[in-house]
């Protein structure tokens, strides 16, 4: 039996890589504008070649991000609705209970940690934070890009509100990625120094047994029945 | 060595004295003011110019005596080419040619102002052959010259002699209204444009400096408190989109594809009025027109996207204030939660070992 299990499809790996690059680019060009007073921001803007170019890059990256977001959500919906894939990212009652079980485990009230399916509650939290936050960023970003059109339908004050929301939501996303994602994918003792699965698509059998036992059991069940690896998963 | 040098110098000085005495017999005293007034003190005195004009050459000795130079300068201090009387008739094409022939006299004493003038737009025009470009006497006058800034209103009147359109616009402004009342706080032309080295105000670089000009007074708390005007105007401008853009355009020194709005684009250049007055270009009813100048097709809601130099509060832009407040709690809440989760996770792992 193969020691590795396919966890992420090629499409998912490409999506992650693209979003990672876009996120870094949006963060760099965005925070340079948010913290325009700071010496590093002035330096960055000068290095890139001026505020106009920084804004152009930010907008170009934002529009690309929007295209990828639409693509991602459409394909996810399509896969789930046509039953090509299980809705494994949908938050459920179990995630809520898992969080409580895990908290009890952390606090040593119980000795049994929660056992997870394909995605645990922390991954779902990060994913939905990304999707909802991303949608807010897209909406407010377009409001800031087209204030003349937006104010034909909405009160003018929504533009500075969009600026506050875009700026702060961006900061929140950045902090979550820096603290949460980098911890989970790099610094946590389980992953240290680097969990390459999102780039290679593969995880070890051992990892699956430990981190995603419910999914592992399901795959193994299927494998025995069908001798086939697994269905595609979304997203 | 020093002795040799002394000898050399002594010979040199001796030679200078000897040759000087022989070469130039003692120059006669230049004509006195009274000598000049024998002819130029007659009100009917005229001289014929090449263009046929019979120009008055009368000098009112009384008004000269009361001028800033009265009692200090002699006629020949400025009219340096008149060394003996009667002087040969001077030939000028026209009245302007005569003025232009004399303006360099001023630099004998006012050299600093003269060199500043050389850096200004007026001199640049003169250099290109535009004879109408003003020189010293066009602004300061000649024989009856008073203090240029007494009364202060004199300055704006002086510029308005040529800049009539601007002068009329300025006359309608809040600043001119203060000036008319003798208020020393308000700016006159030269406070923004400078007196001698006026730079071209229509360049990109000038446009980007405008916020500095206005801020010079409008961030002065003591001055603005007198009129109940907020001193946050600069910081609220600079932290918003337009001001931020302008700051970077300025530090980059590149020529931007499109200029961004600065103080004067909304408040007007010369006809700046009290913002709360009914005729103000920036009160809600009129502001949209200013926005539309750049933001083509902006609808009636658009102008309230600008928070009017107010920091958001429950009274001004409450939605913006609430959004800020929300994130002030939401970001620490989420980030704090994640940090606690990470710490618990690590702690439990340590405990397990």
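Where a number appears in this text, it was derived from the coordinates with a stated rule and is not lab data. These numbers come from a predicted model, not from an experiment. Cβ sites come from the backbone with ideal geometry, for glycine too, and all protein chains shown count toward neighbours.
Taking the empirical scaling 2.2 N^0.38 Å for compact globular proteins as reference, the protein assembly as shown has a Cα radius of gyration ratio of 1.59.
With Cα atoms as the point set, the radius of gyration and Dmax of region A:4-226 evaluate to 20.5, 63 Å.
Relative to the longest principal axis of the Cα atoms of chain B, the long axis of helix B:204-218 makes an angle of roughly 80 degrees. With R₀ set to 51 Å, the beta-carbon distance separating residue B:257 from residue B:6 gives a calculated FRET efficiency near 0.15.
Over chain B, with a Gaussian network built from C-alpha contacts below 10 Å, which listed residue (B:268, B:299, B:337) shows the highest mean-square fluctuation? Residue with maximal mean-square fluctuation among B:268, B:299, B:337: B:337.
How high is the relative contact order of region A:1-82? Use alpha-carbon pairs under 8 Å, at least six apart in sequence, and give a whole percent.
Details: 29 pairs, mean separation 23.8, N = 82.
With pairs under 8 Å counted, the relative contact order is 29 percent.
Here the contact order of region B:185-324, divided by its residue count and restricted to Cα pairs under 8 Å and six or more residues apart, works out to 15 percent.
Taking the Cβ of each residue in B:181, B:93 as the centre, tally the other Cβ atoms inside 10 Å and list the residues starting with the fewest.
Working: B:181 8, B:93 13.
By the 10 Å Cβ count, ascending: B:181, B:93.
With an 8 Å cut-off on Cα pairs and a minimum separation of 6 or more residues, tell me the relative contact order of chain B in percent.
About 10 percent, as a whole number.
Percent of Cα-Cα pairs per 10 Å bin, from 0 to the last occupied bin, for chain B, please list those. Percent of Cα pairs in each bin: 4, 15, 20, 17, 13, 12, 8, 5, 3, 2, 1, 0. The distance from the alpha carbon centre of region B:152-168 to that of region B:282-353 is 47 Å, rounded to a whole number.
Distance from the alpha carbon centroid of region B:99-125 to that of region A:92-142 works out to 77 angstrom. The Cα atoms of region B:201-311 cover 38, 37, 27 Å along the three principal axes, with the biggest extent listed first. When only alpha carbons are used to place a centre, region B:28-68 and region A:175-217 end up 99 Å from one another.
For region B:183-227, just say rounded, prolate or oblate: build the C-alpha gyration tensor, square-root its eigenvalues into a ≥ b ≥ c, call rounded for a/c under 1.5, and beyond that prolate if a/b exceeds b/c, oblate if not. Oblate, because a/c is 1.5 or more while a/b does not exceed b/c.
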